[in-house]
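The values are calculated or read from the model by the stated rules, or taken from the named source; none is laboratory data. Note that the structure is predicted; figures quoted are calculated from it, not measured. Ideal geometry is used to build each Cβ from the backbone, glycine not excepted, and the neighbour counts take in all protein chains shown.
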Amino acid sequence: MKKRPKIKEVIQQLEVQGFEKTIDSISEYSPKADLYFRGIGNNRYVVFNRYNKTKREDLQGFDCWISEYNSKNEIGSKKAIVTEGIRLSFDFEEDWKLLNPHLN
């Protein structure tokens, strides 16, 4: 069984990749979740929601979405215009390749 990266390591990597953080105040993705997002053009954003952030670390993780908003200021405070799932329980080693077409 492979070792999952620690939550802090994942957050640091997202920050290095240019993701910003906000809080999901309307529970669109997960109640009071930390949201990490990065614009990919045409008002579309890659959004990671950190689920179970108040639970033990081995129960925490991230889901990944591509969502459209009128502006980044709406993320976490207004419902997305369109949301498509990339991967629930996103594995940052295995699943990152799913984002490559969107981030380049």
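For the stretch 15-65, which residues satisfy the criterion of being modelled with pLDDT of 95 or more, more than 10 Å from residue 76 (Cβ to Cβ) and β-branched (Val, Ile, Thr)?
If the condition is that a residue be modelled with pLDDT of 95 or more, more than 10 Å from residue 76 (Cβ to Cβ) and β-branched (Val, Ile, Thr), then 40, 46 are the ones that fit.
Of everything in the stretch 33-47 that's surrounded by 15 or more Cβ atoms within 10 Å (Cβ to Cβ) and over 12 Å from the mean Cα position of the chain (by Cα), which residue is farthest from residue 83 (Cα to Cα)?
In this case the residue turns out to be 40.
Residue under question is residue 30, and the condition is that it be part of a loop (DSSP other than H, G, I, E, B), over 19 Å from residue 86 (Cα atoms) and of a type in the set (Gly, Ala, Ser); does it hold? Give the steps one after another, and end with the answer.
Numbers: part of a loop (DSSP other than H, G, I, E, B): yes; over 19 Å from residue 86 (Cα atoms): no; of a type in the set (Gly, Ala, Ser): yes.
Against the criterion (part of a loop (DSSP other than H, G, I, E, B), over 19 Å from residue 86 (Cα atoms) and of a type in the set (Gly, Ala, Ser)), residue 30 does not qualify.
Checking residue 97 against (1) charged (D, E, K, R); (2) touching a strand residue (DSSP E or B) at 6+ places or on another chain (Cβ under 7 Å); (3) at pLDDT below 95: exactly one of these is not met. Which one?
All conditions are met except number (2).
For the stretch 63-97, enumerate the residues that are in a helix (DSSP H, G or I), exposed (fewer than 14 other Cβ atoms within 10 Å of the Cβ) and within 13 Å of the chain's Cα centre (by Cα). Let's see the steps before the verdict.
Here is the first cut: in the stretch 63-97, the residues in a helix (DSSP H, G or I) are 72-74, 96-97.
After this cut, where a residue has to be exposed (fewer than 14 other Cβ atoms within 10 Å of the Cβ) as well, the list is 73, 97.
If the condition is that a residue be in a helix (DSSP H, G or I), exposed (fewer than 14 other Cβ atoms within 10 Å of the Cβ) and within 13 Å of the chain's Cα centre (by Cα), then no residue fits.
Among (1) touching a Phe, Trp or Tyr at 6+ places or on another chain (Cβ under 8 Å); (2) under 22 Å from residue 5 (Cα atoms), which single condition is residue 99 missing?
Here residue 99 clears every test but (1).
Give the stretch 2-27 a look and list any residue that's in a loop (DSSP other than H, G, I, E, B) and at negative phi, or say none. Quick ask: steps written out before the conclusion?
Going residue by residue through the stretch 2-27, those that are in a loop (DSSP other than H, G, I, E, B) are 2-6, 17-19, 24-27.
Of everything in the stretch 2-27, those that are in a loop (DSSP other than H, G, I, E, B) and at negative phi turn out to be 2, 3, 4, 5, 6, 17, 19, 24, 25, 26.
Report yes if some residue within the stretch 56-66 is touching a residue at least 24 places away in the same chain (Cβ under 8 Å) and more than 21 Å from residue 6 (Cα to Cα); otherwise report no.
Checked against the condition, which is being touching a residue at least 24 places away in the same chain (Cβ under 8 Å) and more than 21 Å from residue 6 (Cα to Cα), the stretch 56-66 yields at least one hit.
I need the full set of residues from the stretch 67-89 which are closer than 15 Å to residue 24 by Cβ and either charged (D, E, K, R) or in contact (Cβ under 8 Å) with a residue 60 or more places away in the chain (or both), in order please. Don't jump to the end; show me each part of the working.
First pass over the stretch 67-89, keeping only residues closer than 15 Å to residue 24 by Cβ: 67, 69, 72-80, 83.
Those that are closer than 15 Å to residue 24 by Cβ and either charged (D, E, K, R) or in contact (Cβ under 8 Å) with a residue 60 or more places away in the chain (or both): 72, 74, 78, 79.
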